[in-house]
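Chemist: One structure, pasted below without further comment.
The values are calculated or read from the model by the stated rules, or taken from the named source; none is laboratory data. Please read all numbers here as calculations on a predicted model, not as lab measurements. Cβ atoms come from the backbone with ideal geometry, glycine included; neighbour counts cover every protein chain shown.
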Amino acid sequence: MSWVTRSYNPPERTRNDYTVACICPMGVELAPVEALLDEVYQLPPLGVDPLRPRLRRSDQPAYTVGRIGAYRIVVAAMPRIGNNIAAAVTTQLHSDFPFVEFCFLVGVGGGIPADADDHDIRLGDVVVSQPSGVSGGVIQYDLGKRTSYGCFERTGMSARPPAILSANVERLKSLHRREGSRIPQFLAQMLEKFPNMTKDYTRPAVIQDQLFNTSYHHQGGLTCQNCDPSQLVARSKRTSHDPQIHYGNIGSGNTVIRDSYTRDALKRDLNIICVDMEAAGLMDAFPGLVI
């Protein structure tokens, strides 16, 4: 990433010049993605494909186009959250930018606490979808069928991402083992360039990352100041405050998971390390990576 001065008046480009897409469900996710663009371009005419009807105006995504390094990128803001609209937006994007080869969903997810030797996910860490077994890296936990014995059988397995993306994830993991992640550097450069983002995009303090026992219920409010500290789970202290990157299955559904027993059951049954509300929609329409 070069961090050159942004250009808003580059040579005119067409919609066919863009080969990478990044979809963001909410504005809080869109802002840092746009901030990482080396250049921002004028949106090209999109045209109308008579064989592919457009979404109604209220459901259409909003686009920002630009460049990161050598790649021309289209960033799409979703009108609302959920798997169904994510699938519709992804399909619409591919119609508007037909030469897009790779698609990423970048959003805020709910990390699932680790077992003894499992992924030790903390507040502010990064989770990347990665296929394992029969899963393509994303599992829709609320899609399935009720069997004759009254059991719910989940059938929401996603397609696998393109092999070249999976190969480059392995390459990136190897690079991070040797040299470490450059996430702290990118964050520092972003906040230096856009100081107004400091308040909302600085890694939370360790004291804010509190994990309570599964059986304990949150005591109201947006913070945990009214919760019983004796119910906190003791976790080992990290040697670094930098964000850690985890790879594995992401659970996706149209319902927000705020119940610790449901969360733990999903982890146990599906081997997921994170939950969100859009990943399955992306993978159904255009398999890619979820971050």
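Chemist: Out of the residues in region 34-66 that are more than 24 Å from residue 200 (Cα to Cα) and not in a loop (DSSP other than H, G, I, E, B), state the one that is modelled with the highest pLDDT.
Modeler: Only one residue tops the list, namely 41.
Chemist: Where in region 190-291 are there helices (runs of 4 or more DSSP H), lying fully within it, with 3 or more residues that are under 18 Å from the mean Cα position of the chain (by Cα)?
Modeler: Where helices (runs of 4 or more DSSP H) fall fully within region 190-291 and carry at least 3 residues being under 18 Å from the mean Cα position of the chain (by Cα), they are 279-285.
Chemist: Give the number of residues within region 15-33 that are more than 14 Å from the chain's Cα centre (by Cα), outside any strand (DSSP E or B) and surrounded by 18 or more Cβ atoms within 10 Å (Cβ to Cβ).
Modeler: 2
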